[in-house]
Amino acid sequence: MLRLILMRHAKSTWDDPHCSDFSRGLNERGRTAAPLMAQHMVEELGVEPDRVLCSTARRTRETLAACLPFWSKEQSLRMLDDIYHSSEMNYIDLIRSHGGGVPTLMVLGHNPAIQITALKLIEQGSSTMIRAIETKYPTAAVTVLEFREDAWQNVHPAKGYLSSFTRPRDLGSPEHERLLALA
């Protein structure tokens with residue numbers, strides 16, 4: 001079984017109008033949300049990546065740096081320009097070509113590609129969570145998908161089981177706990 005974690009970068013700053021999109025860092029809300037989501041992945045979902053495919057944009061690198069202290073095992077990190085430049089498409093080809101032989105892969109990227117990728121890969125799962133992904137994929141949100149395939153190159157659209165979708169605002173809410181119990 002393969003497990004895919006899709007995470008959108010945490011909330012970025014727009015304070016400097018002269019700063020390029022690529023160079024925008026995290027704002028205070030993002031610096032708070034990223035470690036909370038990493039802690040949630042480990043403590044509540046029981047998942048942490050073996051390999052991380054991360055966009056080279058500053059806000060994704062800062063999100064990754066905030067998550068790393070919460071993961072107990074060593075990850076293989078791949079910084080990929082293609083994740084930033086593919087933000088209008090989906091990441092399925094990148095997952096197939098860079099997933100390697102790891103059981104748990106994480107893509108840390110941008111919208112709309114993270115949202116599109118999640119929706120394209122889902123075959124089954126909670127209709128409430130699917131609707132939430134369709135409605136909005138906010139910053140720092142995390143989707144966890146499971147696949148029966150044994151290699152990332154064999155992962156295809158509409159073959160994943162949606163086991164979790166978590167937004168930072170969901171943490172600790174009774175509705176989120178109920179959805180996790182149903183997944």
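Bear in mind that the values in this text are calculations on the coordinates, not laboratory data. Keep in mind the model is a prediction, meaning the values are calculated, not measured. Positions of Cβ are backbone-derived with ideal geometry, glycine not excepted, and every protein chain shown enters the neighbour counts.
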Only one of the values [x] -0.66, -0.94, -1.13; [y] -0.58, -0.90, -1.28; [z] -0.50, -0.80, -1.20 was calculated from this structure for log10 I(q)/I(0) by the Debye sum over Cα atoms at q = 0.12, 0.15, 0.18 Å⁻¹; name its label. [z]
Going by average Cβ density within 10 Å per residue, which order do the peptides 35-48, 105-118 take, highest to lowest? 105-118, 35-48
Label point at residue 44 placed 7 Å out along Cα→Cβ; residues across the stretch 135-150 whose backbone nitrogen lies under 17 Å: 137-145
May I ask for the Rg/Rh ratio of the stretch 67-160, computed from Cα atoms with Rh as the Kirkwood radius, given to two decimals? 0.94
Computed over the stretch 113-176, the ratio Rg/Rh where both radii use C-alpha atoms and Rh is Kirkwood: 0.98
Listed by chain and number, the residues whose amide H is under 5 Å from that of residue 54, excluding neighbours fewer than 5 places away on the same chain and using placed H, are 78, 79, 80, 108
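Of all trypsin sites (Lys or Arg not before Pro) in the stretch 35-109, which ones are in loop regions per DSSP and have a Cβ with at most 10 other Cβ atoms within 10 Å?
Details: sites: 51, 58, 59, 61, 73, 78, 96; in loops: 73.
The qualifying sites are 73.
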Would you mind computing the Rg to Rh ratio of the stretch 44-97 from its alpha-carbon coordinates, Kirkwood style for Rh? 0.98
Expressed in angstrom and ordered largest first, the alpha-carbon extents of the stretch 14-56 along the principal axes are 41, 22, 8
